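The values are calculated or read from the model by the stated rules, or taken from the named source; none is laboratory data. As the structure is a computational prediction, the values presented were derived from the model and not from experiment. Glycine gets a Cβ as well: all are built from the backbone with ideal geometry, and neighbour counts include every protein chain shown. Note: accessible area is taken over every heavy atom of the protein model, side chains too, but ligands, DNA and RNA are not part of it. Shrake-Rupley method; radii C 1.70, N 1.55, O 1.52, S 1.80 Å.
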Amino acid sequence: MVALTEHYLKPMLELIGAAIVVIGVLLAVFRYALFVVGSKKYPGVEWIQLDLVHYLMFGLTIQVGADVLGTAVAPTVADLGALAGIVLIRATLSYFLSKDLERGLEETQEKRRKDETEL
């Protein structure tokens, strides 16, 4: 079971997390290109940024899960220290991404309310 987790499951989860981040970035770049050429489907960069933040947070969460799983199998003191550092960095990233997401959602809702009152 340890070999299965260490050799297959952890790398698979890391790959899935990285793939989610890459897909999110590629979609954001594509959507930004559409925005630049004037597509009405993406009326503002805020929507593109918020969508990217969702992908980043989801990918980071899966990456943290892979790290926890890898350390839970056969932890050493060095492994636990490395995991603590990784989790701290990723938690900090997630915190600031979630704050950015909240701010973006509030701005979007405020803009939507303003647009509705102008009609």
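Some notes on this structure:
- Within the accessible area of the chain (1.4 Å probe), percent carbon and sulfur: 69 percent
- The stretch 48-61 - phi-based ³J(HN,Hα) in whole Hz, Karplus 6.51/-1.76/1.60, Gly and Pro as x: 5, 5, 4, 5, 4, 4, 4, 4, 4, 5, 5, x, 5, 4
- Take each peptide in 21-33, 87-99, 106-118, 45-57, count the other Cβ atoms within 10 Å of every residue, and average; sorted highest first, the result is 45-57, 21-33, 87-99, 106-118.
- Derived from the Cα gyration tensor, the three semi-axes of the equivalent ellipsoid of the chain are 38, 17, 9 Å, largest first.
- Using the Cα coordinates of the stretch 11-52, the gyration tensor eigenvalues translate into equivalent-ellipsoid semi-axes of 26, 9, 5 Å, sorted from longest to shortest.
- Average accessible surface for the chain: 70 Å² per residue, computed with a 1.4 Å probe over protein heavy atoms with every protein chain in place.
- Projecting label points 7 angstrom from Cα along Cα→Cβ for ARG113 and VAL29 puts them 3.8 nm apart.
- Using alpha-carbon coordinates, inclination of helix 77-118 to the longest axis of the chain, degrees: 10 degrees
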